[in-house]
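The values are calculated or read from the model by the stated rules, or taken from the named source; none is laboratory data. Since the structure is predicted, the reported quantities are computational estimates derived from the model, not experimental observations. Every residue, glycine as well, gets a Cβ built from its backbone with ideal geometry; the counts of neighbours run over all protein chains shown.
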Amino acid sequence: MIGTSETPAASDLDAIDRRILDLMQRDASLTNQALAERVGASPATTLRRVRRLREAGVIEREVALLAPRWANAGLTAVVEVSLQAQTEELLSQFEQRCAAEAAVQQCYRVSAGPDLVLVLHVPDMAGYQTLAAQLFSDRAAVRNVRTFFVTKRSKFEPRVAV
């Protein structure tokens, strides 16, 4: 079973753990009672397993996902960033800059192409320009930036297959 010293491999999870994780990814607001009924386990067993999955880092965090249209959401941009050099130091420094910016929702190192891909959410074009000036300046060692503004979100499913 899952130990708390390190995050377990997917193969360490049994069928009940997998059902719990699948249901929680779909709706983390389920009560323990409802979750237990849906996975076919007792509430005590389900509570113990969820606690263990959290402690082991399998469940990283639980959040509420807001509908962008509700908040007059602004702009979402997907940005490809290439740095002047691909050293660990420059990549880490740039990632730290991204992590410090609330408008940067996601930051990925990628292979074969740009060095990083970012997903940004800004209130408007002026907000993008301000953020771009901060993130993509010469002092950030950025060589090239390609920005794609989202015109329609056809699918958004932030789940991991279990």
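Computed quantities for the displayed model
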quantity	calculated
First in the range 133-162 and within 30 Å of Arg18 (Cβ to Cβ), second anywhere and hydrophobic (A, V, I, L, M, F, W, C) and assigned to a helix (DSSP H, G or I), Cβ under 6 Å, 6 or more apart	Val162/Leu21
Residue in the range 90-121 that is farthest from Leu75 (Cα to Cα), counting only those that are surrounded by fewer than 18 Cβ atoms within 10 Å (Cβ to Cβ) and among the β-branched types (Val, Ile, Thr)	Val110
Residue match in the range 147-154 (condition: assigned to a strand (DSSP E or B) and loosely packed, with under 13 Cβ neighbours inside 10 Å)	yes
Complete set of residues in the range 50-74 that are in contact with a helix residue (DSSP H, G or I) (Cβ under 8 Å, 6 or more places away or on another chain) and surrounded by fewer than 17 Cβ atoms within 10 Å (Cβ to Cβ)	Glu62, Gly74
Selected residue (only one of Ala85, Ala28, Ala44 is farther than 24 Å from Arg159 by Cβ, free of Cβ contacts under 8 Å to residues at least 40 places away in the same chain and surrounded by fewer than 17 Cβ atoms within 10 Å (Cβ to Cβ))	Ala44
Residue match in the range 3-25 (condition: surrounded by fewer than 14 Cβ atoms within 10 Å (Cβ to Cβ), touching a helix residue (DSSP H, G or I) at 6+ places or on another chain (Cβ under 7 Å) and not assigned by TED's automatic domain parsing to the domain that holds Gln129)	yes
Criterion: modelled with pLDDT of 95 or more, closer than 27 Å to Gln86 by Cβ and of a type in the set (Phe, Trp, Tyr) - qualifying residue of Phe136, Phe149	Phe149
Residues located in the range 49-79, provided they are in contact (Cβ under 8 Å) with a residue 40 or more places away in the chain and of a type in the set (A, V, I, L, M)	Leu53, Ala56, Val58, Leu65, Ala73, Leu75, Ala77, Val78, Val79
Breaking point among (1) within 30 Å of Leu116 (Cα to Cα); (2) modelled with pLDDT of 95 or more; (3) among the small types (Gly, Ala, Ser), for Gly40	(1)
Scan of the range 81-121 for residues that are out of contact with any helix residue (DSSP H, G or I) (no Cβ under 9 Å at 6 or more places or on another chain), in a loop (DSSP other than H, G, I, E, B) and within 13 Å of Val145 (Cα to Cα), ordered by number	Gly113, Pro114
Leu23 under 30 Å from His121 (Cα atoms) and either small (Gly, Ala, Ser) or under 21 Å from the mean Cα position of the chain (by Cα) (or both)	yes
